[in-house]
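Take a look at the structure set out below.
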Amino acid sequence: MAGTVPFYTPRLQKNASSSATTETPIVKWVLIGAAGLVLFWLIALPLVVVLTEALKKGWDVYIAALTDPDARSALRLTLLVAAVTVPLNTFFGVTAAWAVTKFRFRGKGFLITLIDLPFAVSPVIGGLIFVLVFGANGWFGPWLSAHDIKIVFALPGIVLATLFVTFPFVARELIPLMEDQGTQEEEAAITLGAHGWQIFFRVTLPNIKWGLLYGIILCNARAMGEFGAVSVVSGHIRGETNTLPLHVEILYNEYQFSASFAVASLLLLLALVTMIIKSWLSRKNAH
């Protein structure tokens, strides 16, 4: 009887696999169809509505909305905030990822928790924190007022709020990648006489460059599209502290729907360019 076990086992496995192959196409197409419907209703359809409403009254109205002085000011501020926050968070992200993955120290788990904190906290709460710290009635408010330094309702507050919400993106892209790579190559470089910056630029950076680029792209996209935290600290001053998302909200609340959708389409275009670059980098990395 013991000799019959190997004889029947392959037959049972074959029947199971053949049954699975007959069911897989049905399950596959059901899952694909369900995912397609969700993507259509939640992503594709709203994007089509934005573009349709933006062009509903013609190109003249569309161009006028984008060339309005307040819209141009909001665009400049959005690009300026991204230009400041992305390099800073790139530096912070690389530094944090390097510390977490290359060194052993007490409090590493707490540091990782702090890195992930902006993902868990509402952006509105993040903005409120800066108001409570740097606002007129905040901890440092009297001192800042005495020295004529303005943080909240000005550019520095917008930058700080954007830094807070975008901080994890670069670090979170790099930490798993650098953990998988280990420290063997860096240790070998040290034995050959390489120093800190030489090790980073010649050994570490080539191994993490694609993950770093992904993190930078995602950080930039979030910086340009951030609404909640910036809304709390900006003060909604037209022509001064309104970014593109805030300008869209103001136009919509004033029932200027065509103008609001036109500016929203500009944000959509910036996000689309970001995703195209990310997809191109992914394909280039795969090859």
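Picking from residues in segment 95-143 that are touching a helix residue (DSSP H, G or I) at 6+ places or on another chain (Cβ under 8 Å) and among the basic types (Lys, Arg), the one that is farthest from VAL230 (Cα to Cα) is LYS102.
The condition of being within 23 Å of THR90 (Cα to Cα), in contact with a Ser or Thr (Cβ under 8 Å, 6 or more places away or on another chain) and assigned to a helix (DSSP H, G or I) does not hold for THR113. Checked against (1) farther than 29 Å from GLU240 by Cβ; (2) out of contact with any Gly (no Cβ under 8 Å at 6 or more places or on another chain); (3) touching a residue at least 60 places away in the same chain (Cβ under 8 Å), ALA194 meets all criteria but (3). Taking residues in segment 262-279 that are in the same structural domain as LEU246 (by the TED database) and among the charged types (D, E, K, R), and partners anywhere that are part of a helix (DSSP H, G or I) and surrounded by 15 or more Cβ atoms within 10 Å (Cβ to Cβ), the pairs with Cβ atoms closer than 8 Å and at least 6 places apart or on different chains are LYS278/TYR214; LYS278/ILE217; LYS278/LEU218.
Quick check on this structure: which one of GLY135, GLY107 is of a type in the set (Gly, Ala, Ser), out of contact with any Cys (no Cβ under 9 Å at 6 or more places or on another chain) and under 30 Å from PHE200 (Cα atoms)? First the steps, then the outcome.
Numbers: GLY135 fails: under 30 Å from PHE200 (Cα atoms).
Exactly one of GLY135, GLY107 is of a type in the set (Gly, Ala, Ser), out of contact with any Cys (no Cβ under 9 Å at 6 or more places or on another chain) and under 30 Å from PHE200 (Cα atoms), namely GLY107.
The residue pairs whose first member lies in segment 209-225 and is closer than 11 Å to VAL170 by Cα, whose second member is of a type in the set (Phe, Trp, Tyr), and whose beta carbons are closer than 8 Å, counting only pairs six or more residues apart or on different chains, are GLY215/PHE169; LEU218/PHE169; CYS219/PHE169. Applying the criterion of being acidic (Asp, Glu) and either within 20 Å of VAL124 (Cα to Cα) or surrounded by fewer than 13 Cβ atoms within 10 Å (Cβ to Cβ) (or both) to the residues of segment 230-287, the residue that is nearest to the chain's Cα centre (by Cα) is GLU249.
Tell me, which helices (runs of 4 or more DSSP H) wholly within segment 116-176 include 2 or more residues that are surrounded by 19 or more Cβ atoms within 10 Å (Cβ to Cβ)? Before the answer, list the steps.
Values: elements: 123-134, 141-146, 155-166.
Ranges flagged: 123-134, 155-166.
Looking only at segment 59-80, count every residue that is of a type in the set (Gly, Ala, Ser) and either outside the structural domain of ARG222 (by the TED database) or closer than 17 Å to LEU268 by Cα (or both) and tell me the total. Qualifying residue count for the region: 3. Report yes if some residue within segment 60-77 is at pLDDT below 90 and farther than 30 Å from ASN220 by Cβ; otherwise report no. No, segment 60-77 has no match at all.
The values are calculated or read from the model by the stated rules, or taken from the named source; none is laboratory data. Remember, it's a predicted structure, so these values are computed and weren't measured experimentally. We place every Cβ from the backbone using ideal geometry, glycine too, and count neighbours over all the protein chains shown.
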